[in-house]
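Down below is the structure, laid out as structure tokens.
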Amino acid sequence: MTIGLTHFLVLGAALFCLGLFCALSKRNLIAILMGIELMLNAVNVNLIAFNKFVAPGSFEGQVFSIFIIAVAAAEVAVGLALVISIYRDRTTSSAEELNWLKL
Amino acid sequence: MNETVYVIAFYILAAIVLFSAIGVVVLKNIVHSALLLALTFVGVAGIYVLLNADYLAAVQVMVYAGAIAILIAFGVMLTRRPNMKESNPFNSSAVVGFVVAAGLFGTMAWAILTTTFPLGLTAPTDEISVRGVAKLLLEDYTVSFEAAALLLTVAMAGAIIIAKGAKKA
């Protein structure tokens, strides 16, 4: 029994769906950010698996992963800054209490 | 023998990644979730090593398991909440979220298992991954590389201003 592309893709799909579940079903803003990080990691696993099994002579998939990692780092920094700013304003970090625009 | 080690390593790393990701989702205390998130990142770095991406594994450990995990831990510590044991609850639409995620996983697993992928379109090289990545980044993708650097700088400055609050001119 050998480990092929399918194994890595199923692992990536499972990780992505766990991240999606985390982002959809959590009340805390920081937990939602954690779910987004899990989804970005799953995408990286997929890209590198395709790079190794489909085009093993090139490194394009790994370069794309580096860009995703850079964007994810920027995203989590801005996201946490927003969470802290909202917390200072309203003393809450719960996504369900952020409904001041509702009538 | 080598193949057996590879198979065992894959299943151990996949178990680490999936079980700690499940822990991130279901644990009630957000500090435990943040620590398990760092463990997930380290497991994903191990998966990268299995995929011959050793440079990416090092970047993953430094950026994700180092910087992002620390940032999230700081975010947890800077927002106080009354009861730490119930700090990571599900919201009212958790059942809908579970159904959506499970349905998406079923669809993706079906699509992956029924597709035959074209394998090995290019011949494998002996080049180490950091050399190949550096050549691509600094020759073919130089503009995107500089754009990513600019994005990081702007995002860091923006994060500081959002978190600290801008002064009136």
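Averaged over B:111-120, how many beta carbons belonging to a partner chain fall within 10 Å of each residue's beta carbon? Mind dumping the intermediate values first?
Numbers: counts 2, 9, 3, 0, 3, 1, 8, 3, 6, 6.
Mean shielding by partner chains, rounded to a whole number: 4.
Rounded to the nearest 20 debye, what is the charge dipole size of the protein assembly as shown about its Cα centre when +1 sits on each Lys and Arg Cβ and -1 on each Asp and Glu Cβ? Each step should come with its number before you reach the end.
Numbers: 15 positive and 14 negative charges, 255 e Å.
That gives a dipole near 1220 debye.
Using mean Cβ contacts within 10 Å as the protection proxy, how do A:39-45, B:93-99 order, highest first? Before the final figure, lay out the partial values.
Details: A:39-45: 22.6, B:93-99: 14.4.
Taking the mean over residues of other Cβ atoms within 10 Å, the ranking is A:39-45, B:93-99.
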Exposure ranking of A:87, B:64, B:55 by accessible area [1.4 Å probe, largest first] | B:55, A:87, B:64
Label point 7 Å beyond Cα of residue A:89 along Cβ direction - residues of region B:132-169 with amide nitrogen under 17 Å | B:158-168
Hey, what does the equivalent ellipsoid look like for the protein assembly as shown, semi-axes from the Cα gyration tensor as sqrt of 5 times each eigenvalue, largest first, whole Å?
-> 34, 24, 16
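Please label the shape of chain B as rounded, prolate or oblate, based on the square roots a ≥ b ≥ c of the eigenvalues of the alpha-carbon gyration tensor (a/c under 1.5 means rounded; beyond that, a/b larger than b/c means prolate, else oblate). Don't skip to the end; give the middle numbers.
Details: a/c = 1.91, a/b = 1.19, b/c = 1.61.
Here chain B falls in the oblate category.
What number does chain A give for Rg over Rh if you use C-alpha atoms and the Kirkwood radius?
On the way: Rg = 17.5 Å, Rh = 15.5 Å.
Rg divided by Rh gives 1.13.
Any idea what the dipole of chain B comes to, in debye rounded to 20, about its Cα centre with Lys/Arg Cβ at +1 and Asp/Glu Cβ at -1? Could the numbers behind the result be given before it?
Details: 9 positive and 8 negative charges, 232 e Å.
Charge dipole, chain B, about its Cα centre: 1120 debye, nearest 20.
For B:4-17, what's the mean count of beta carbons from other chains sitting within 10 Å of each residue's beta carbon? Before the final figure, lay out each step's value.
On the way: counts 1, 0, 2, 4, 1, 1, 5, 2, 0, 1, 7, 0, 0, 9.
Mean number of neighbouring Cβ atoms from other chains: 2.
Could you run the numbers on buried accessible area between A and B, total for both chains, 1.4 angstrom probe, in Å² to the nearest 100? Present the calculation step by step, with values, prior to reporting the outcome.
Details: alone 7470 and 13530 Å², together 14050 Å².
Using a 1.4 Å probe on protein heavy atoms, the buried area is about 7000 Å².
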Full extension between residue B:104 and residue B:147 adds, at 0.36 nm per residue less the Cα distance, a length in nm of 12.2 nm
Whose amide H sits under 5 Å from the amide H of residue B:87, counting only residues 5 or more places off or on another chain, with H placed in the peptide plane?
-> B:30
Tilt of helix A:60-90 relative to the longest C-alpha principal axis of chain A, in degrees (0 to 90, nearest 10)?
-> 10
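Can you give the extra length, in nm with one decimal, that the chain gains between residue B:22 and residue B:74 once fully stretched, where that is 0.36 nm per residue apart less the Cα-Cα distance? Display every interim value, and only then the final one.
Numbers: separation 52, 0.36 × 52 = 18.72 nm, distance 2.20 nm.
That pair, residue B:22 and residue B:74, stretches by 16.5 nm at full extension.
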For region B:147-157, what does the Karplus curve 6.51 cos²θ - 1.76 cosθ + 1.60, with θ = phi - 60°, yield as ³J(HN,Hα) per residue in whole Hz, taken in order and with x for Gly and Pro?
-> 5, 5, 4, 5, 4, 4, 4, 4, 5, 5, 4
Using Cα pairs closer than 8 Å and at least 6 residues apart in sequence, work out the relative contact order for region B:1-83, in percent.
-> 27
Over chain A, what is the mean sequence separation of C-alpha contacts under 8 Å (at least six apart), divided by residue count, expressed as relative contact order in percent?
-> 27
Give me the distance between the Cα centres of region A:1-77 and region B:90-119, rounded to whole Å.
-> 14
Could you grab the relative contact order for chain B? Cα pairs under 8 Å, six or more apart, rounded to a whole percent.
-> 18
Local charge sum around residue A:69 (other residues, Cβ-Cβ under 13 Å, Lys/Arg +1, Asp/Glu -1)?
-> -2
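What is the dipole size for region A:5-92, taken about its Cα centre, with +1 at each Lys and Arg Cβ and -1 at each Asp and Glu Cβ, in debye to the nearest 20?
Numbers: 5 positive and 4 negative charges, 55 e Å.
With only Lys, Arg, Asp and Glu charged at Cβ, the dipole is about 260 debye.
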For region B:1-75, just list the percent of Cα-Cα distances falling in each 5 Å bin from zero outward, please.
-> 3, 18, 22, 22, 17, 10, 5, 2, 1, 0
Using a 10 Å cut-off on Cβ to Cβ distances, tally the other chain neighbours for every residue of B:129-141 and report the average as a whole number.
-> 3
Amide H contacts of residue A:26 (H built 1.01 Å from N, under 5 Å, at least 5 apart or other chain) | B:91
Stretchable slack from residue B:92 to residue B:54, in nm (0.36 nm times residue separation minus alpha-carbon distance) = 9.5 nm
Any lysines whose Cα falls less than 22 Å from that of residue A:102, other than same-chain ones fewer than 8 residues away, would be A:26
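The values are calculated or read from the model by the stated rules, or taken from the named source; none is laboratory data. This one's a predicted model, so the numbers in the text were calculated from it and none came from an experiment. All Cβ positions, even for glycine, are placed from backbone atoms using ideal geometry, and neighbour counts span all protein chains on display. Just so you know, the surface numbers come from the protein's heavy atoms only, side chains and all, with ligands and any DNA or RNA stripped out. Shrake-Rupley method; radii C 1.70, N 1.55, O 1.52, S 1.80 Å.
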